[in-house]
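Engineer: Can you keep this structure in mind? I'll have questions shortly.
The values are calculated or read from the model by the stated rules, or taken from the named source; none is laboratory data. The structure presented is a predicted model; accordingly, all values stated were derived computationally and were not measured. All Cβ positions, glycine included, derive from the backbone under ideal geometry; neighbour counts span all protein chains shown. All accessible areas refer to the heavy atoms of the entire protein, side chains included, with ligands and DNA or RNA removed. Shrake-Rupley method; radii C 1.70, N 1.55, O 1.52, S 1.80 Å.
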Protein chains: 2
Amino acid sequence: MTFSEENYLKTIYHITSSSGTEVSTNAIAEKMETKASSVTDMLKKLADKELIVYQKYKGVILTDKGSHLAKMIVRKHRLWEVFLVDKLHFPWDEVHDIAEQLEHIKSEKLINKLDDFLGNPTEDPHGDPIPDSSGLIKKSNKLLLSEVELNKEYRCIGVKDSSSDFLKYLDKQKISLGSTFVVKERENFDDTLLVEVNSRKVTISNKIANNLFVH
Amino acid sequence: MTFSEENYLKTIYHITSSSGTEVSTNAIAEKMETKASSVTDMLKKLADKELIVYQKYKGVILTDKGSHLAKMIVRKHRLWEVFLVDKLHFPWDEVHDIAEQLEHIKSEKLINKLDDFLGNPTEDPHGDPIPDSSGLIKKSNKLLLSEVELNKEYRCIGVKDSSSDFLKYLDKQKISLGSTFVVKERENFDDTLLVEVNSRKVTISNKIANNLFVH
DNA sequence: AATTATTTTTAGACAAATCTAAAAATATAT
DNA sequence: ATATATTTTTAGATTTGTCTAAAAATAATT
């Protein structure tokens with residue numbers, strides 16, 4: 001498999017995970033920042049290899065074979081992210097681009113040894129689950145801050161939207177990866193939260209709470 | 001730079017290191033297992049980018065820029081080899097192919113953090129020197145077993161010829177990476193050596209001794 | 001239901017890296 | 001020094017992945 005084929009497979013896998021249905025040509029093109037015509041070309045190639053089921057104008061779904069390969073790429077991506085954060089001490093928001101490259105390294109032995117070296121983690125630094133060597137995925141217990149129970153302690157494991165405006169806001173509020181949250185009150189009218197962030201009381205809007213992942 | 005350009009640059013660097021003079025089109029083609037015509041095409045491209053000095057029919061040499069880039073690729077290759085052997089416990093003879101892939105990962109920050117993580121090693125598992133981040137190379141103190149002094153202790157760090165016949169011979173003699181050697185006698189007639197291998201007396205021919213690297 | 005808008009596919013072109021076969025330059029040998 | 005052999009380059013073709021522009025299919029709207 002070429003890098004490009006792997007990237008398409010991964011993208012289809014990710015869109016399927018959130019939508020559940022067939023994936024459209026345009027959806028793939030948009031996510032990969034390429035043209036629909038390029039996508040069509042590649043879909044034919046992937047269909048020939050029996051990695052996807054493709055019917056003209058009807059969108060695609062992954063075959064079992066394609067789904068397994070996609071999971072192996074996701075597995076590699078997330079294991080490398082753990083390596084970069086845990087072992088090389090990269091900030092959590094810098095690892096994605098490097099993992100995008102590392103996920104294409106081909107060696108099953110390498111990835112299984114890396115898995116052991118890292119202590120067989122089940123989640124990456126963003127709280128996303130890491131498929132095991134047979135493709136099994138322990139479902140994530142990652143939540144949005146807007147969904148948590150009152151008076152329970154949670155730890156910040158990531159953001160959904162990583163726009164610079166949002167990251168600046170977090171910086172101002174001294175919220176970072178690993179911060180602890182305890183939601184003390186929820187305003188019924190607009191779902192604004194009164195939260196203890198590292199024992200400091202902060203008011204957090206619903207929009208903000210919808211962009212913070214916790215554990 | 002593309003993977004292919006990097007591979008050409010690295011090959012030219014390696015051939016230059018051992019020959020010292022201009023590198024011929026055919027020498028490159030042979031080492032890369034490709035056709036001379038493909039090499040010519042790429043040489044033009046590398047010359048356009050001012051990474052090599054290329055004159056038709058006269059062979060090539062690296063420019064300073066090309067030489068530095070080549071060293072950075074070698075640096076990455078050798079650091080990843082150290083990672084694979086020291087941290088993931090790969091056998092020393094399995095790491096080359098994986099490092100060939102990892103050497104193309106693009107991130108200066110990654111490679112410098114990896115360097116620190118590994119304790120800034122100056123040699124890879126085969127005893128070859130690792131260029132530092134500015135391209136400086138500490139000259140190797142790697143020797144052939146045929147060149148060592150009598151009654152001094154050396155450690156096996158690699159082989160020159162890795163044909164399967166030779167590796168089988170080593171296996172039979174229980175010689176492996178890390179074995180200690182003390183040369184007790186040298187036969188003047190044919191340079192056969194009487195060697196203590198891990199305190200066991202073994203007779204080693206000059207041809208064998210010329211293929212074992214020690215420290 | 002007919003028209004308009006959107007999505008998707010096709011057709012044809014292009015750049016990168018490779019190849020084969022033939023031509024040109026250089027090296028070797030008689 | 002002339003003929004032969006080798007090396008290197010050119011010319012033209014191929015594959016992969018991309019693109020633009022136009023055509024075809026599907027979806028949305030009046």
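Engineer: Can you confirm whether the stretch A:140-160 contains a residue that is touching a helix residue (DSSP H, G or I) at 6+ places or on another chain (Cβ under 8 Å) and open to solvent by 40 Å² or more (accessible area, probe 1.4 Å)?
Structural biologist: no
Engineer: Select the helices (runs of 4 or more DSSP H) contained entirely in the stretch A:17-87, then report the ones holding at least 3 residues which are within 16 Å of DNA strand C (Cβ to nearest atom).
Structural biologist: Working: elements: A:25-32, A:36-48, A:64-82.
Result: A:25-32, A:36-48.
Engineer: Within the stretch B:76-107, take every residue that is touching a residue at least 24 places away in the same chain (Cβ under 8 Å) and basic (Lys, Arg) and give me the one that is surrounded by the most Cβ atoms within 10 Å (Cβ to Cβ).
Structural biologist: B:LYS76
Engineer: Quickly run through the stretch B:4-21 and pick out the residues that are within 13 Å of DNA strand D (Cβ to nearest atom) and surrounded by fewer than 17 Cβ atoms within 10 Å (Cβ to Cβ). Break it down into steps so the answer makes sense when it comes.
Structural biologist: Here is the first cut: in the stretch B:4-21, the ones within 13 Å of DNA strand D (Cβ to nearest atom) are B:4, B:8, B:12, B:15, B:19, B:21.
The answer is B:SER4, B:SER19, B:THR21.
Engineer: Would you confirm whether any residue within the stretch A:2-11 is in contact (Cβ under 8 Å) with a residue 40 or more places away in the chain, within 13 Å of DNA strand C (Cβ to nearest atom) and within 14 Å of another protein chain (Cβ to nearest Cβ)?
Structural biologist: At the first step, the residues of the stretch A:2-11 found to be in contact (Cβ under 8 Å) with a residue 40 or more places away in the chain are A:3, A:5-6, A:9-10.
Next cut, within 13 Å of DNA strand C (Cβ to nearest atom) only: A:3.
Keeping just the survivors that are within 14 Å of another protein chain (Cβ to nearest Cβ) gives A:3.
Scanning the stretch A:2-11, I find at least one residue that is in contact (Cβ under 8 Å) with a residue 40 or more places away in the chain, within 13 Å of DNA strand C (Cβ to nearest atom) and within 14 Å of another protein chain (Cβ to nearest Cβ), so the answer is yes.
Engineer: Which residue is nearest to DNA strand D (Cβ to nearest atom), if the candidates are limited to the stretch B:31-49 and must be surrounded by 14 or more Cβ atoms within 10 Å (Cβ to Cβ) and polar (S, T, N, Q)?
Structural biologist: If we take residues in the stretch B:31-49 being surrounded by 14 or more Cβ atoms within 10 Å (Cβ to Cβ) and polar (S, T, N, Q), then B:THR40 is nearest to DNA strand D (Cβ to nearest atom).
Engineer: If you check A:LEU170 against the conditions, is it of a type outside the set (Phe, Trp, Tyr), closer than 17 Å to A:SER205 by Cβ and touching a strand residue (DSSP E or B) at 6+ places or on another chain (Cβ under 6 Å)?
Structural biologist: So A:LEU170 does not fit the description; no.
Engineer: Please find, among A:ILE52, A:ILE61, A:ILE28, the residue that is away from chain B (no Cβ under 14 Å), more than 9 Å from DNA strand D (Cβ to nearest atom), touching a strand residue (DSSP E or B) at 6+ places or on another chain (Cβ under 6 Å) and open to solvent by less than 60 Å² (accessible area, probe 1.4 Å). Let's see the steps before the verdict.
Structural biologist: Numbers: A:ILE61 fails: open to solvent by less than 60 Å² (accessible area, probe 1.4 Å); A:ILE28 fails: touching a strand residue (DSSP E or B) at 6+ places or on another chain (Cβ under 6 Å).
Exactly one of A:ILE52, A:ILE61, A:ILE28 is away from chain B (no Cβ under 14 Å), more than 9 Å from DNA strand D (Cβ to nearest atom), touching a strand residue (DSSP E or B) at 6+ places or on another chain (Cβ under 6 Å) and open to solvent by less than 60 Å² (accessible area, probe 1.4 Å), namely A:ILE52.
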